[in-house]
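Data block below; observations after.
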Amino acid sequence: MRLKRLEIYGFKSFADRTVIEFDQGITGIVGPNGSGKSNLSDAVRWVLGETSAKSLRGGKMEDVIFNGTDRRKRMGYGEVSLVFDNEDHTLQVDYNEVMITRRVYRSGEGEYYINKATCRLKDIIDLFRDTGIGRDGYSIIGQGRIDEILSQKSEDRRGVFEEAAGITKFRSRKEESEKRLSNMRDNLTRVEDIIAELESQLEPLEKASETARRYLSLRDELRGLECSSYVVHVDRNGVRIEEGKQLIEDLAHQIEQAEAQATEKSAERDSAAERVSELDSEVTAAHGNVLALTREREARDGELSVLKAEIARCEKDVLTSNDDILKRKNRDTDIRSSLKENHEASEKNLLRVKEAEEGLLNTERSEAAAESAAAEAEEILEAHKAKIIEMMNRLSDVRTNEARLSTMKDELLRRRKEAEVEKEVLTRDADSLGEQKNEAGAELADARDAVKEKEKAVAAIEAEARESQEKIRALQQKAEELGSQATACDSRLRVLQEMERDYAGYQQAVKEALKHAVGNPKVHGVVANLMQVPRDYEKAVEAVLGGALQNIVTDDEYVARDLINYLRSGKLGRATFLPISTIRGRTLNAQERQVLSMPGCRGLASELISFDSRYRDIMENLLGRTVIAENLDAGIEIMRRGRHAFRLVTLDGDVMHSGGSMTGGSAASRMTSLLSRDREIHEHQERLNRLKSDIQKARDLRSREEENRAVIRRRREACYEDLNQARIDESICEERLRILTDKETAQTERESQNAL
């Protein structure tokens, strides 16, 4: 392991991004006072986790950020990165190159990264433990630190040797374990105290719990008995009423018969009275008959009085039964109010279930974030693989250059021999030496011109290669961004589909009824799934319908009856059903529709949404007399014009009811509503398909650009070969010219000696 690179930006005096490469052979950094040498060591100590501003020659941690000058503004944050070569895996991570980054803001917030992944300070300290590189490691020793170490006690100096021996990690782990054990003992003590306190309260609480359970059981039993008694009394009173009615009818019939008989007897008496005067002989017999008929009439009158008294008694019984029924109705009202309270408690439990579902959704978001982080880690791994491949390519280039230099050396040796032969020739032929020197100078100039041309070609191909690399990097970045967006979109789509599948957001009774009716073609679903509401009107429709969005639509009353019986038998709650065969639509009349042309009026709610024609009566029953307005100001004018005969809702969800009452204000925001869920699923599916298509296009462009890059690389290699050959020719020409110059000098010296 060795230090490869130090990157500094905004730390102390380094306002510009500064990169210092530590290649092989660098043993120190020198410079005059005030040039920033100490700032480099402070940067290394700081990025390794130094938390004391005093050790960094500052008063507080914000002092390490570049504070500005007369010509430059101060910076908002400071950042330092250390890059280590970890091919021997001294650092216990699966990377051949490790980058440690620390960043601090003027607000005091700090961030730590390992290979651009967020981490904790503890992770960095544990990573460098026992390597001697930590903030207090023996590899970083400031001015006067050696005397301080030597003057300390043996126990204090022991830490340096322990770190060098590699046991500091285990000592720190031991101390942390002992600290955790101590905390655990304290927690156990507190738990035992709590258990003892709870045990002392257990017996009275158990008695209270038993009393409460008994009370709840007796209360439920009492309610059941009261309901049963009420039903029995109602049934009995109904039977008694029917019997009384039947008795009244029978008595009336008997009275009619008696009155008919009395009329008949009266007629007979009149006839007999007329005959009395005519038939004196039959007076005695007729008188007897009259007496008999009189007595019979009196008997009939007595029976009639008895029947009238019986009728009065039956009417009194009917009045008593009516009073009893009225009392039972009042008792029924009390029972219904109790049921309403139970329903409100059930709704509170449903809210708790929703909160639990929202917690589950947050957990799934955390899992999605973790998956995103894993994807980023994989991308970083791919980047490192690409860098390794690039290094291998550079190694191959170096080996190729080495072979070329060897060839050039052989060529130079060969030319050297030729030059020696030429030297002999020049020695033999001194007259042609000047001419050959001129020719060599011309050849050298041509070779240098060729080298310049080759260097220009190499620079051009290098620029083209860099441009291609930038294109590839941009395409890769675009593909990664699109991939992240696709992952987020897919995650959101899965959440929405799971919510749709699990009936999230529905009442418990509605869920159970829909699950029971799966596959039943006579159950069409809830109202929210049978209408398509434009985005602008979702809040308004949801505000005006509220719980009616969860009403279940069925073919007829019998299907609704079966589902109600299922809910009742399982004690699963209550739900509202809308049979298509019985629901009739209601809409505005011609006079009321005149308000639709007023300013600020969007239209009739049932006409602004779309639905299947089978559900027209249901939709018009729910929304046929509901007008949508832009805001409350326009809504007030519309309702005044319509004399508050219908219902109005604004785009913000404020409702004005028929009769004049108003409902509005702020509503608790939800992640998604029943109306928008289907739309969001469709939109996310379309967006996911577009993202996948864009990702594939980016990958195709990248593949073509990589092919182009391979062609550029081959051209670059050819250019480098031409440049090397031109440089070899230049070296040969320079060597030849030097030899000719030496020959000329030697010849001149020999001529001088001969002249002497």
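The values are calculated or read from the model by the stated rules, or taken from the named source; none is laboratory data. Source: prediction; values computed, not measured. Positions of Cβ are backbone-derived with ideal geometry, glycine not excepted, and every protein chain shown enters the neighbour counts. Side chains included, ligands, DNA and RNA excluded: accessible areas come from the protein's heavy atoms. Shrake-Rupley method; radii C 1.70, N 1.55, O 1.52, S 1.80 Å.
A few comments on the model shown:
- Sub-9 Å Cβ pairs linking a first residue in segment 108-126 that is under 18 Å from Met61 (Cα atoms) to a second residue that is open to solvent by 90 Å² or more (accessible area, probe 1.4 Å) and among the β-branched types (Val, Ile, Thr), at least 6 apart or interchain, are Glu111/Thr118; Tyr112/Thr118, ordered by first then second residue.
- Flag for Arg17 being open to solvent by 30 Å² or more (accessible area, probe 1.4 Å), basic (Lys, Arg) and over 16 Å from Tyr77 (Cβ atoms): no
- Segment 504-526, subset within 27 Å of the chain's Cα centre (by Cα) and touching a residue at least 40 places away in the same chain (Cβ under 8 Å), residue surrounded by the fewest Cβ atoms within 10 Å (Cβ to Cβ): Gln508
- Segment 233-243: number of residues that are hydrophobic (A, V, I, L, M, F, W, C) and surrounded by 11 or more Cβ atoms within 10 Å (Cβ to Cβ): 2
- All positions within segment 527-540 that are under 20 Å from Leu578 (Cβ atoms) and open to solvent by less than 50 Å² (accessible area, probe 1.4 Å): Val527, Ala528, Leu530, Met531, Val533
- Selected residue (only one of Arg709, Arg713 is modelled with pLDDT under 85, among the basic types (Lys, Arg), buried (at least 17 other Cβ atoms within 10 Å of the Cβ) and on the phi < 0 side of the Ramachandran plot): Arg709
- Residue match in segment 675-696 (condition: among the acidic types (Asp, Glu) and over 30 Å from Gln497 (Cβ atoms)): no
- Flag if Ser606 is touching a strand residue (DSSP E or B) at 6+ places or on another chain (Cβ under 9 Å), within 17 Å of Val526 (Cα to Cα) and of a type in the set (Ser, Thr, Tyr): yes
- Selected residue [touching a His at 6+ places or on another chain (Cβ under 6 Å) and open to solvent by 60 Å² or more (accessible area, probe 1.4 Å)] from Arg687, Arg647: Arg647
- Any pair with Cβ under 6 angstrom, 6 or more apart, that starts in segment 565-589 at a residue that is among the polar types (S, T, N, Q) and ends at one that is not in a helix (DSSP H, G or I): Thr576/Asn551; Ser581/Asp556; Thr587/Gly624
- Residue selected from segment 426-473 under the condition touching a Cys at 6+ places or on another chain (Cβ under 8 Å) and either among the hydroxyl-bearing types (Ser, Thr, Tyr) or over 20 Å from Cys719 (Cβ atoms) (or both), by the criterion modelled with the lowest pLDDT: Ala440
- Every pair of residues 6+ apart whose Cβ atoms lie under 9 Å, when the first sits in segment 214-225 and is over 15 Å from Lys571 (Cβ atoms) and in a helix (DSSP H, G or I) while the second is of a type in the set (Phe, Trp, Tyr) and open to solvent by 100 Å² or more (accessible area, probe 1.4 Å): none
- Residue match in segment 170-183 (condition: at pLDDT 80 or above, in a helix (DSSP H, G or I), of a type in the set (A, V, I, L, M, F, W, C) and farther than 26 Å from Leu127 by Cβ): no
- Residue check for Val44: within 19 Å of Thr101 (Cβ to Cβ), open to solvent by less than 40 Å² (accessible area, probe 1.4 Å) and either touching a residue at least 24 places away in the same chain (Cβ under 8 Å) or of a type in the set (Val, Ile, Thr) (or both): yes
Rundown of residues vs (1) touching a residue at least 24 places away in the same chain (Cβ under 8 Å); (2) of a type in the set (A, V, I, L, M, F, W, C); (3) under 30 Å from Arg593 (Cβ atoms), yes/no style:
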{"residue": "Asp633", "(1), (2), (3)": "yes, no, yes"}
{"residue": "Ile636", "(1), (2), (3)": "no, yes, yes"}
{"residue": "Leu648", "(1), (2), (3)": "no, yes, yes"}
{"residue": "Val655", "(1), (2), (3)": "yes, yes, yes"}
{"residue": "Ile681", "(1), (2), (3)": "yes, yes, no"}
{"residue": "Glu686", "(1), (2), (3)": "no, no, no"}
{"residue": "Lys697", "(1), (2), (3)": "no, no, no"}
{"residue": "Ser703", "(1), (2), (3)": "no, no, no"}
{"residue": "Glu707", "(1), (2), (3)": "no, no, no"}
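- Of all residues in segment 716-745, those that are surrounded by 14 or more Cβ atoms within 10 Å (Cβ to Cβ) and over 60 Å from the mean Cα position of the chain (by Cα) total 18.
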